[in-house]
Amino acid sequence: MSENITHTAVMDDAFNLMLISNRFSDAFKQAGKNHRRFGQLAGVTRSGDRFTIDLLERYRTSWPGGSGDSGADTLGAKITFILGWLCHRATDRQFKPVFRSFDPEGKLSPTDCSVYHDAFLFRELYMNEGEFSPSMFERNMDSVAASKVVDAPSLLELFRVSLKRILIEMHTFIPDQEDIDGWLEKLHSLQQTFYVDSERYAEAVARPDPEMIRRFIEEINFYDRSEPFLVLTRNLRNGKKTTNDQLESALTAGTKSHYAQAVQRSFQYIEAASLFFEDDLDRDGLSERLDIGKPGSDGKSV
C-alpha cells in the first residue's frame, strides 16, 4: 500500500498528458487509453528498471506493423504495464529523498510522510463530495457516497475492504502450489499489517494532524493548486478540453511542487520510452534518460 495512491495519481496524470501530447507514438497512446487499469498494477510492483528496456525492445518488434506478429490488445496491456513501471520509478526518484530528508526519524513503515502524501491526494484528487473515483476503489461503500460526510469510521471501513482486496489480488495471482500452507501464512501476516496501516490512512484522511500537514504537505511544497502545470492536470481530470499547445506552455513554465515534478518526470520517462519504441533513441540513450543506475537527488540509491 505504501505510496500506492501517490503512484497511481502520478501515473493517471502522466497518462492524461500523454494522450493530448504530440510527443508520443500512436502505439503508446492506444495502449495507455485501452489498458490504464492494468498499468495501475505497476504502482505496487518494484524493480521495473531491470526489465523495461529489454521488454520494450522485444515488444516494438512484435507490435502490429513491426517485424513480428502479435495481437495488439495483449501486447498493449504489457506496454501499458511498462509505462506504469516508468511512472512508479519516476515517483520513487522524486519522493524517496523527500522521505529521507523530512521524516528521517520515522520508525514506521510506511512513513508518516508517505501516509500524509497519500491521504492528501486521496482527498484532493479521488474524492469529491463523497464520490470515489472508480479507477481507484470499487464503489462498495454506497452509504459513504450517499451521506456526503467524511467520517473516520466509514473511511476506515472503505480502506479495509478495498485495500485488503487489492492486497489479496497483488500478493500473487496464483498461490504457491508447492507450499500452499506457507503462502496462506504469509498472506495472513500481510493482512494483519495491512489492517493496522489502513487505520493510519483513514485517520490521515478524516482527521489529519495539523502538524503533519504543516511538515509533510506545506513545508515541503508537496502540491501547489495554483501551479499552471497542476491547473492543467486538474482540468484534464475534470474532462475540460485541453490542447497540446497548452501542455507545452505549462511545461515551459516549469514545475515547482514535488508532485508536479514527479508527474513531469514520469511524462519525460514515457517520452524517452516512446522515442526508443519508434527507434529514434538507442539503448544507451534510453538508459541515460531513465536515470538508470544514477543516485537520487540526495546522493543515495533509489
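What to note about this one:
- Restricting Thr91, Thr111 to residues that are within 23 Å of Arg50 (Cβ to Cβ) and either modelled with pLDDT of 85 or more or touching a strand residue (DSSP E or B) at 6+ places or on another chain (Cβ under 8 Å) (or both) narrows the list to Thr91.
- Which numbered condition Glu203 misses (of (1) at pLDDT below 95; (2) under 20 Å from His88 (Cα atoms); (3) part of a helix (DSSP H, G or I)): (2)
- Extreme residue, surrounded by the most Cβ atoms within 10 Å (Cβ to Cβ), among residues of segment 287-302 that are in contact (Cβ under 8 Å) with a residue 24 or more places away in the chain and of a type in the set (Asp, Glu): Asp291
- The single residue among Ser226, Ser297, Ser198, Ser266 that is under 23 Å from Pro104 (Cβ atoms) and of a type in the set (Ser, Thr, Tyr) turns out to be Ser297.
- Ser249 surrounded by 16 or more Cβ atoms within 10 Å (Cβ to Cβ), among the hydroxyl-bearing types (Ser, Thr, Tyr) and in a helix (DSSP H, G or I): no
- Checking Tyr223, Tyr269, Tyr259 one by one, the residue that is closer than 14 Å to Val98 by Cα and in a helix (DSSP H, G or I) is Tyr259 and no other.
- Hey, Gly71 surrounded by fewer than 20 Cβ atoms within 10 Å (Cβ to Cβ), closer than 16 Å to Leu275 by Cβ and modelled with pLDDT under 90 or not: no
- Contact map, segment 259-286: residues that are farther than 21 Å from Val10 by Cα and touching a residue at least 24 places away in the same chain (Cβ under 8 Å) paired with residues that are among the small types (Gly, Ala, Ser) and not in a helix (DSSP H, G or I), Cβ distance under 8 Å, separation 6+ or inter-chain. Pairs shown: Phe277/Ser25; Glu278/Ser25.
- Lone qualifier among Phe229, Phe216, Phe276 - being surrounded by 14 or more Cβ atoms within 10 Å (Cβ to Cβ), in a helix (DSSP H, G or I) and in contact with a Cys (Cβ under 9 Å, 6 or more places away or on another chain): Phe216
The values are calculated or read from the model by the stated rules, or taken from the named source; none is laboratory data. The shown structure was predicted, so the numbers you read here are calculated from the model rather than taken from an experiment. Neighbour counts are summed over all protein chains in view; Cβ atoms, including those assigned to glycine, are modelled from backbone coordinates with ideal geometry.
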